[in-house]
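The values are calculated or read from the model by the stated rules, or taken from the named source; none is laboratory data. Worth saying up front: this structure is predicted, and the values here are computed from it rather than measured. Using ideal geometry, Cβ is built from the backbone for each residue, glycine included, and neighbour counts are taken over all protein chains shown. Accessible surface is based on the protein model in full, side chains and every heavy atom, while ligands, DNA and RNA are left aside. Shrake-Rupley method; radii C 1.70, N 1.55, O 1.52, S 1.80 Å.
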Amino acid sequence: MKRKDILGLYDLSAEEIDEILTTGLSMKKLLRQNIKKLPHLQGKSVTTLFYENSTRTRCSFELAAKYMGAHVVNIAAESSSVKKGETLVDTGKTLDAMKNDVIVIRHPMGGAPRLLANTVKAHVVNAGDGMNEHPSQALLDMLTMRENFGKIEGLKVAILGDIRHSRVAKSNLFGLKKLGAEVTMYAPRTLIPTDIEKLGAKVCSSREEAAEGADVVMGLRIQLERQHGGLFPSLGEYARFYGVNDEVMKHAKKGALVMHPGPVNRGVELTSTLIDGDTSRIEEQVLSGIAVRMAMLFLLTKEEI
Ligand code: CP
């Protein structure tokens, strides 16, 4: 990989995505053998800079870096000098001055990782920016699909949930389309962004239509923290009329996989039976998350080692 930063799947070529997935699959094999001491990032420093809450993404970037021998520093904006008024750019320059090599940033404003990347020497990895992109999540989703099906090309992936506020939906759409998958979507009209079809998604008129013949059905979290009310009546009604349940899954291919980026609102986007069932890959997605983030960090920095 010849790029300095990973800011979104809109920017990456199919070849770059394929390289990350292939490397990620090798990393996942090592993790399955419980190998957690690798030399790939020895002598490197990685800082996670999170202006929004996270469990999966922050922990898995930290573990990915540590398993490959990096020094890791975690900064939560709440307990940093950001609270004293320091700007994002000045925070980045401070980390550069400390000889930090990679900044993994999550920020509520779309575009913040790009601003940082344009002003620091360190590699910048977007760990989710507002409603824009969440590239490592989409890459781990695609890694899980590729491991289960052997390929992405020709798969049909149905995405149901809060698409309007979802950076995961956009990154998956960009990545899946580049690798030759078909993407269908369904949500209340208020939770579908205008023009998403221009980006390559097929917007369906029912959850059954979206799931018809799907290899993968992905639920997305209802992002209550980004909503200001009035987009749907109640969580109970959302679950009843828009959630994924056994009846919806009957329209997908036999044995179709159930996925969700997490955190899940249990019983809202997906029923508990599906979350905990045999076709669920939600826990496997978490392991894919460490593997794909190991691949991203290694491929960004390997020319310098
Ligand atoms: N999927 C995801 O981004 O989860 P976290 O918010 O816990 O990182």
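Observations
- The rule of thumb for compact globular proteins, 2.2 N^0.38 Å, goes into the C-alpha radius of gyration of segment 1-129 1.07 times.
- Distant-in-sequence amide contacts of Val104, defined by a placed amide H-H separation under 5 Å and a gap of 5 or more residues or a different chain, comprise Thr47, Thr48, Leu49, Val125.
- Selected from Leu41, Ala76, Ala14, residue furthest toward positive end of dipole (segment 1-118; charges at beta carbon): Leu41
- Overall size of segment 181-305 from C-alpha positions, given as principal axis extents largest first: 54, 34, 27 Å.
- Whole-Hz Karplus values for segment 192-207 come out as 10, x, 5, 6, 5, 5, 5, 8, x, 7, 9, 8, 9, 9, 7, 5 Hz, taken residue by residue from phi with 6.51 cos²θ - 1.76 cosθ + 1.60 and θ = phi - 60°; glycine and proline positions read x.
- Environment charge of Ala70, counting only residues whose C-beta is closer than 10 Å and scoring Lys/Arg +1, Asp/Glu -1: 0
- Carbon + sulfur, % of accessible area of segment 56-108 - ligands and nucleic acids excluded, 1.4 Å: 55
- Percent of Cα pairs in segment 53-112 per distance bin of 5 Å, from zero to the largest separation: 4, 15, 25, 27, 21, 8, 1.
- Remark on Val244: its backbone amide H falls under 5 Å from those of Leu270, Thr271, a criterion applied only to residues 5 or more positions apart or on other chains, H modelled at 1.01 Å from N.
- Summed over qualifying helices (DSSP H, 4 residues or more, each -39500 (n - 2.57)) and divided by its residue number, the chain shows a 222 nm mean residue ellipticity of -11500 deg cm²/dmol.
- Simple label model, 7 Å out from Cα along Cβ direction - Thr190 to Lys202, nm: 2.8
- Estimated inter-spin distance, Asn53 and Lys84, nm [label 7 Å along Cα→Cβ]: 2.7
- The simple spin-label model puts a point 7 Å past each Cα toward its Cβ; for Ser26 and Ser272 those points are separated by 4.3 nm.
- Placing Glu283, Glu52, Glu269, Glu303 in order of accessible area, with the largest value first and a 1.4 Å probe, yields Glu283, Glu303, Glu52, Glu269.
- For the residue pairs Lys177/Lys302; Lys2/Lys99; Lys29/Lys99; Lys44/Lys151, alpha carbon separations beyond 26 Å are given by Lys177/Lys302; Lys29/Lys99; Lys44/Lys151.
- Estimated vicinal HN-Hα couplings, Hz - segment 274-289 in sequence order (Karplus 6.51, -1.76, 1.60; Gly, Pro = x): 6, 4, 9, x, 5, 8, 6, 10, 5, 6, 5, 4, 5, 5, 4, x
- Karplus-derived 3J(HN,Hα) values for segment 5-19, using 6.51 cos²θ - 1.76 cosθ + 1.60 with θ = phi - 60°, are 10, 10, 10, x, 7, 4, 7, 7, 7, 4, 5, 5, 4, 4, 5 Hz; glycine and proline are entered as x.
- With the charge dipole of segment 82-181 set up from +1 on Lys and Arg Cβ and -1 on Asp and Glu Cβ about the Cα centre, the Cα lying farthest toward the positive end among the listed residues Met98, Gly85, Pro108 is that of Pro108.
- For Val72, the residues whose amide H sits under 5 Å from its own are Val46, ignoring neighbours fewer than 5 places away on the same chain, with H placed 1.01 Å from N.
- Of the residues Val183, Ala239, Gly213, the one whose Cα sits farthest toward the positive end of the charge dipole of segment 135-267, with +1 on the Cβ of Lys and Arg and -1 on the Cβ of Asp and Glu, is Val183.
- For the chain, the Rg and Dmax computed from alpha carbons only, in angstrom: 18.9, 56
- Scattering from segment 83-146 was approximated by placing one identical point on each alpha carbon and applying the Debye formula without solvent; log10 I(q)/I(0) at 0.18 1/Å stands at -0.67.
- 1.4 Å probe accessible area per residue over segment 39-124, in Å²: 48
- Taken about its Cα centre, the chain carries a charge dipole of about 600 debye when Lys and Arg each add +1 at the Cβ and Asp and Glu each add -1 at the Cβ.
- Computed over protein heavy atoms with a 1.4 angstrom probe, the accessible surface ordering of Arg58, Arg189, largest first, is Arg189, Arg58.
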